[in-house]
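Input: a single structure, listed below in structure tokens.
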Number of protein chains: 2
Amino acid sequence: MAQTAPAEVKEDFKPSTLNQPGKEYPMVNSQGYARFRVEAPQAQSVVVSLGLGGRGGTKLTKGADGVWTGTTEGPMDEGFHYYHLTVDGGVFNDPGALNYYGSTRWESGIEIPAHDQDFYALKDVPHGNVQQILFPSPSTKTSRRAFVYTPPTYGKNKNKRYPVLYLQHGWGEDETAWSNQGCAHLIMDNLIAAGKIQPFIIVMTYGMTNDVRMGGMRNFSINAFQTVLVDELIPYVDANFNTIADQAHRAMAGLSMGGMETKSITLNKPEVFSHYGLLSGGTYSSAEIKDKAKVKLIFLSCGSKENAAGVKSAAEELKGAGINAVSYVSEGTAHEFLTWRRSLYQMAQLLFK
Amino acid sequence: MAQTAPAEVKEDFKPSTLNQPGKEYPMVNSQGYARFRVEAPQAQSVVVSLGLGGRGGTKLTKGADGVWTGTTEGPMDEGFHYYHLTVDGGVFNDPGALNYYGSTRWESGIEIPAHDQDFYALKDVPHGNVQQILFPSPSTKTSRRAFVYTPPTYGKNKNKRYPVLYLQHGWGEDETAWSNQGCAHLIMDNLIAAGKIQPFIIVMTYGMTNDVRMGGMRNFSINAFQTVLVDELIPYVDANFNTIADQAHRAMAGLSMGGMETKSITLNKPEVFSHYGLLSGGTYSSAEIKDKAKVKLIFLSCGSKENAAGVKSAAEELKGAGINAVSYVSEGTAHEFLTWRRSLYQMAQLLFK
């Protein structure tokens, strides 16, 4: 997760941008070091799960004032990281940080400023909205939640209709991930303001429908989620939003487990989606695509610390078979959200052309 | 916060409905007792902040397996409660519970089932949406966040326009409170489905604009928030949503500190709002209302464990002066969210008649 430690730690630490309002710690410096401060005067041990890979995180040290402090041994990768504290053997969140749903729990989050963070920054541009919808799901006998990003122009011209990207989170995450950790709405607002894309809608819902939380992935079946997505959510979105409700204007993408879901569902339902994206979520081979004319784009990506060669060669193989495939590798990142923010930024510019 | 303890604790505990997905603890029983379970094998002390009033919360006991458990000494009031853990002197959240922003931090939340919980339950009825908007705020030099509830029929008939309620949270809370803790969208969906109200829009934004987080209320001035609300948010909402953009169709209400803000702003800006609501947030006297003809409704409420007599007598005094004032007292509740859920349920039925 971290790079080689430089000789000297710069003392220019600032509060992480993901801290709870008014909280000073955790802090990050310009080199990517993270520094923590936790009050637990009677505790015997406080360990932060973040740190150099394989070294068991960062052990904090108790000062004379009963406050535990510590700094990562080296700089962290740029971007968003989940973490938690272990206090006397119990797992808790850092009271200074905001929480993000990952690893099937609300974890603490910290942001190491990225050199290219401008593309997901909150800027003074027209902003779209993120709507929480509750859609009826007969197959799961409940109302299910989804979030819908509508671009800034949405609704201004009541006759204008938009393509839709269905965008899935990873294992242990939920439908809040792409907005909270992923900044998907800000990435879209900025791309639209810069004139780099034609606006489209993004729909994000919970993809662990058959409850793989506890059993991990080994009992996973796509059927339950495919029913929710294709038979329940898409008709609801098309009935309630100004969408262009056809295959040519409908994309599906996902990160990690969401990529696996995307692959299964797009291959099962080629008549529903035309643009496919797997973000650190595997690859397609041309042999798996039954009707190549139906596929307008396959986008494959990952971080440079993941299987970049596999993603690149899969895209080459698809291109050789006449399919419009694009690969993207995020430099200096692993299986984490900066990889996926950058992937969305790249993919969005290729969709619905 | 709690009532007299019954002789026997019933062993019918179930997971709180506000637990993180898949988490068994905290649990609640049919009498309103809460039971906690926290893993922290090397800790020397784990205390839950919830418990009988004035007794310092509930001290958990460590078992032979290193797990801390304990049950409140008596039943809790019905409804939502914030709480946290103190582990070896440090304040942390319960890893089993979802988090809610209150007391200027994300706290753990627990729900004691209320006998009347049906009015805020997620039911199989048409659901409105809750939209996150980012509106430009020149006075604070940033884009500010608000949430907008639009009723189920919103947008179906593109020419239909709706009244708007501006609804404020309390001190230490934020714009997420009325949706997360307050279930405002579910209360509205259920009222609309039952035909008890005509649909309206609700707008919720952050009311601690001049940052009273650290200094408490003593340095509070309404000016900064009034500018954001009246000069920035309302014009944005009227420009971007299908509102009826006049005084007769605009209400403001708030809980606790939000009530104080409501009082100040409605008295300062009688030309902007016609319906006022103070929920555990003080009272008006008729002498404070300059132009009584401009006020269509004053709604005053609180819990029966708060100053119910004050709320009732203030409403009587206003009525005596010819103002349409209504008081409501939530039975068996204190300065907590069940009081405010019930108050919204009552107030919504009186607005925009």
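The values are calculated or read from the model by the stated rules, or taken from the named source; none is laboratory data. Note that the structure is predicted; figures quoted are calculated from it, not measured. In this analysis, Cβ positions are derived from the backbone assuming ideal geometry, glycine residues included, and neighbour counts consider all displayed protein chains.
Return a yes/no flag: does segment B:149-167 have any residue that is at pLDDT 95 or above and either assigned by TED's automatic domain parsing to the domain that holds B:Tyr82 or acidic (Asp, Glu) (or both).
no
Being assigned to a strand (DSSP E or B) and either among the hydrophobic types (A, V, I, L, M, F, W, C) or free of Cβ contacts under 8 Å to residues at least 24 places away in the same chain (or both) is the filter here, so list the residues in segment B:140-195 that pass it. Step through it out loud before you land on a result.
At the first step, the residues of segment B:140-195 found to be assigned to a strand (DSSP E or B) are B:142-150, B:162, B:164-168.
Of everything in segment B:140-195, those that are assigned to a strand (DSSP E or B) and either among the hydrophobic types (A, V, I, L, M, F, W, C) or free of Cβ contacts under 8 Å to residues at least 24 places away in the same chain (or both) turn out to be B:Thr142, B:Ser143, B:Ala146, B:Phe147, B:Val148, B:Val164, B:Leu165, B:Leu167.
Tell me the residue from B:Ala287, B:Ala314, B:Ala308, B:Ala253 that is farther than 27 Å from B:Gly102 by Cβ, in the same structural domain as B:Tyr206 (by TED's automatic domain parsing) and hydrophobic (A, V, I, L, M, F, W, C), please.
Working: B:Ala314 fails: farther than 27 Å from B:Gly102 by Cβ; B:Ala308 fails: farther than 27 Å from B:Gly102 by Cβ; B:Ala253 fails: farther than 27 Å from B:Gly102 by Cβ.
Testing whether each residue is farther than 27 Å from B:Gly102 by Cβ, in the same structural domain as B:Tyr206 (by TED's automatic domain parsing) and hydrophobic (A, V, I, L, M, F, W, C) leaves just B:Ala287.
When segment A:160-177 is examined, which residues are found to be within 24 Å of A:Val125 (Cβ to Cβ) and out of contact with any strand residue (DSSP E or B) (no Cβ under 8 Å at 6 or more places or on another chain)? It would help to see each step written out before you state the result.
Filtering segment A:160-177 for residues within 24 Å of A:Val125 (Cβ to Cβ) gives A:160-165, A:167, A:176-177.
A:Lys160, the sole residue that qualifies.
Just one of (1) within 14 Å of chain A (Cβ to nearest Cβ); (2) of a type in the set (S, T, N, Q); (3) without any contact (Cβ under 8 Å) to a residue 12 or more places away in the chain trips up B:Thr61, so point out which.
Only one criterion in (1) within 14 Å of chain A (Cβ to nearest Cβ); (2) of a type in the set (S, T, N, Q); (3) without any contact (Cβ under 8 Å) to a residue 12 or more places away in the chain is unmet by B:Thr61, namely (1).
Out of all the residues in segment B:59-93, which are under 19 Å from A:Val87 (Cα atoms), surrounded by 21 or more Cβ atoms within 10 Å (Cβ to Cβ) and of a type in the set (Gly, Ala, Ser)?
Residue satisfying the conditions is B:Gly90 alone.
Do you know which residues across segment A:243-269 are surrounded by 18 or more Cβ atoms within 10 Å (Cβ to Cβ) and not hydrophobic (A, V, I, L, M, F, W, C)?
First, the residues of segment A:243-269 that are surrounded by 18 or more Cβ atoms within 10 Å (Cβ to Cβ): A:243, A:249-263, A:265-266.
If the condition is that a residue be surrounded by 18 or more Cβ atoms within 10 Å (Cβ to Cβ) and not hydrophobic (A, V, I, L, M, F, W, C), then A:Thr243, A:His249, A:Arg250, A:Gly254, A:Ser256, A:Gly258, A:Gly259, A:Glu261, A:Thr262, A:Lys263, A:Thr266 are the ones that fit.
Kindly evaluate B:Asn190 against the criterion of being within 9 Å of chain A (Cβ to nearest Cβ), closer than 28 Å to B:Asn19 by Cβ and at pLDDT 95 or above.
Values: within 9 Å of chain A (Cβ to nearest Cβ): no; closer than 28 Å to B:Asn19 by Cβ: yes; at pLDDT 95 or above: yes.
The answer is no for B:Asn190.
For every residue, the table says whether it meets (1) surrounded by fewer than 21 Cβ atoms within 10 Å (Cβ to Cβ); (2) over 17 Å from the mean Cα position of the chain (by Cα); (3) not small (Gly, Ala, Ser).
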position	(1), (2), (3)
B:Gly109	no, no, no
B:Tyr120	no, no, yes
B:Leu134	no, yes, yes
B:Val148	no, no, yes
B:Arg161	yes, yes, yes
B:His169	no, no, yes
B:Gly182	no, no, no
B:Lys196	yes, yes, yes
B:Ile202	no, no, yes
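Have a look at B:Gly322, B:Gly332, B:Gly281 and point out the one that is touching a helix residue (DSSP H, G or I) at 6+ places or on another chain (Cβ under 7 Å) and within 30 Å of B:Gly32 (Cα to Cα).
Numbers: B:Gly322 fails: within 30 Å of B:Gly32 (Cα to Cα); B:Gly332 fails: touching a helix residue (DSSP H, G or I) at 6+ places or on another chain (Cβ under 7 Å).
It is B:Gly281.
Within segment A:61-118, which residues are at pLDDT 95 or above, over 25 Å from A:Leu191 (Cβ atoms) and charged (D, E, K, R)?
Answer for segment A:61-118, where residues must be at pLDDT 95 or above, over 25 Å from A:Leu191 (Cβ atoms) and charged (D, E, K, R): A:Lys62, A:Asp88, A:Asp94, A:Glu107.
I'd like to verify a number: residues in segment B:22-36 that are surrounded by 15 or more Cβ atoms within 10 Å (Cβ to Cβ) and either within 11 Å of another protein chain (Cβ to nearest Cβ) or under 23 Å from the mean Cα position of the chain (by Cα) (or both), how many? Give the steps one after another, and end with the answer.
Start the filter on segment B:22-36 by keeping residues that are surrounded by 15 or more Cβ atoms within 10 Å (Cβ to Cβ), which leaves B:23, B:25-29, B:31-36.
Applying the additional criterion that residues be either within 11 Å of another protein chain (Cβ to nearest Cβ) or under 23 Å from the mean Cα position of the chain (by Cα) (or both) yields B:23, B:26-28, B:32-34.
Counting residues in segment B:22-36 that are surrounded by 15 or more Cβ atoms within 10 Å (Cβ to Cβ) and either within 11 Å of another protein chain (Cβ to nearest Cβ) or under 23 Å from the mean Cα position of the chain (by Cα) (or both) gives 7.
Looking at segment A:114-145 only, could you name the residues that are more than 10 Å from every other protein chain (Cβ to nearest Cβ) and under 26 Å from A:His81 (Cβ atoms)?
A:Ala114, A:His115, A:Asp116, A:Gln117, A:Asp118, A:Phe119, A:Tyr120, A:Ala121
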